[in-house]
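So the structure is just underneath, and the comments pick up after that.
The values are calculated or read from the model by the stated rules, or taken from the named source; none is laboratory data. Just so we're clear, the structure is a prediction, and the values are computed from it rather than from any experiment. Please note that ligands, DNA and RNA were not included when accessible areas were found on the heavy atoms of the full protein model with its side chains. Shrake-Rupley method; radii C 1.70, N 1.55, O 1.52, S 1.80 Å.
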Amino acid sequence: ANGTTVVNDFDEYPTFRTFGGNGNRFFQFGKEVSAKNMLIDNNVIFQVAHDLTIDSLVLLGQNQDGIIEFIDVGANVTLECTDIRMTGSDPNVISVQNAGSDIHTLRVKGNITLDASSALIFDLASASGSNVILELGGDSGTNSITNNAGIPIDLYKIKMNKGSDTNSSFTFPTSFTLTHPSVSGIQPIEIVNGLLILNDAGIDVNLTDE
């Protein structure tokens, strides 16, 4: 059945999976939650409404499509995980609601993998609403994004904050877009720790509003 399910039962879960049936169903936690793994599929739109920490993998689309949407809640929230993967053959989505003025964070400490034919949208920027910072974190590692789905990667801001030196890195071997500073009013790339590698000739980033 269609509708919104808000869960307040527990603070911690080993692994959770959402089920939506034949029509899109909205699901969200009503409080801050942590879990080992997270699987979003079965025609579910998972709305990020509170801080959520996933120790390992966020997986979308094992059986039918899964959607993660950062929504307008009037506060900034963070979804943290080690890895993100879109899989299967359905149009999985990660996006942000074009409403409000929240600045959320998607903190990824490992790899981002978009399998072939598995993804429709990876968009963390909205035209006139809330936005999401992509923070590349973790204590160490040499990680990257793999875009075998060949979809546009639309970002609001990249915050590189991995490890304590340049031995820790994150690589973009695929092109992406960043919201222009004249629109966002912020610096679109922030380097705190680690090495950010942009390894695609199609990457064209404006760092100033001039």
Tell me which residues come under 5 Å, amide H to amide H, from residue 190 once H is placed; ignore anything under 5 positions away on its chain. 158, 159, 160
Using the Karplus curve 6.51 cos²θ - 1.76 cosθ + 1.60 with θ = phi - 60°, work out ³J(HN,Hα) for each residue of segment 38-55 in order, rounded to whole Hz, and write x for Gly and Pro. 9, 10, 10, 7, 6, 6, 9, 9, 8, 9, 7, 10, 9, 4, 9, 10, 10, 5
Solvent-accessible area, 1.4 Å probe, carbon plus sulfur percent, for segment 107-166: 40 percent
Applying the gyration tensor rule to the Cα atoms of segment 80-131 (axes a ≥ b ≥ c; rounded if a/c under 1.5, else prolate if a/b exceeds b/c, else oblate), the class is oblate
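After finding the eigenvalues of the alpha carbon gyration tensor for the chain, what semi-axes result from the square roots of 5 times each, listed largest first in whole Å? Please report the intermediate quantities before stating the final value.
Details: eigenvalues 140, 68, 62 Å².
Each semi-axis is the square root of five times an eigenvalue, giving 26, 18, 18 Å.
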Sorted by chain and then number, the residues having a modelled amide H within less than 5 Å of the amide H of residue 49, at least 5 places away or on another chain, are 29
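Using alpha carbons only, what's the Rg to Rh ratio of segment 10-102 with Rh from Kirkwood?
Numbers: Rg = 12.5 Å, Rh = 13.2 Å.
With Rg and the Kirkwood Rh in hand, the quotient comes to 0.94.
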Gaussian network model of the chain, Cα within-10 Å springs - most flexible of 63, 143, 167: 167
Which whole-angstrom value gives the distance between the alpha carbon centres of segment 29-99 and segment 165-184? 21 Å
Can you bin segment 156-210 into rounded, prolate or oblate? Criterion: square roots of the alpha carbon gyration tensor eigenvalues sorted a ≥ b ≥ c, rounded for a/c under 1.5, prolate for a/b above b/c, oblate for the rest. oblate
Would you work out if segment 134-180 is rounded, prolate or oblate? Take a ≥ b ≥ c from the square roots of the eigenvalues of the alpha-carbon gyration tensor; rounded if a/c is under 1.5, else prolate when a/b is larger than b/c, oblate otherwise. oblate
Between residue 107 and residues 5 or more places away or on another chain, the pairs with built amide H atoms under 5 Å apart involve 79, 80, 81, 135
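Using a 1.4 Å probe, what is the accessible area per residue for the chain, in Å²? Don't skip to the end; give the middle numbers.
On the way: 9390 Å² over 210 residues.
Dividing the accessible area of the chain by its residue count gives 45 Å².
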Once you have the Cα-Cα distance between residue 167 and residue 182, take 0.36 nm times their residue separation minus that, and quote the gain in nm to one decimal. 2.1 nm
Please give every one of the aspartates and glutamates within straight-line cross-link reach of residue 159, meaning a C-alpha to C-alpha distance under 19 Å, and leave out same-chain neighbours fewer than 8 residues apart. 51, 80, 83, 102, 123, 135, 139, 190, 200, 204, 209
How big is the shadow of the Cα convex hull of segment 46-86, averaged over all directions, in nm²? 2.9 nm²
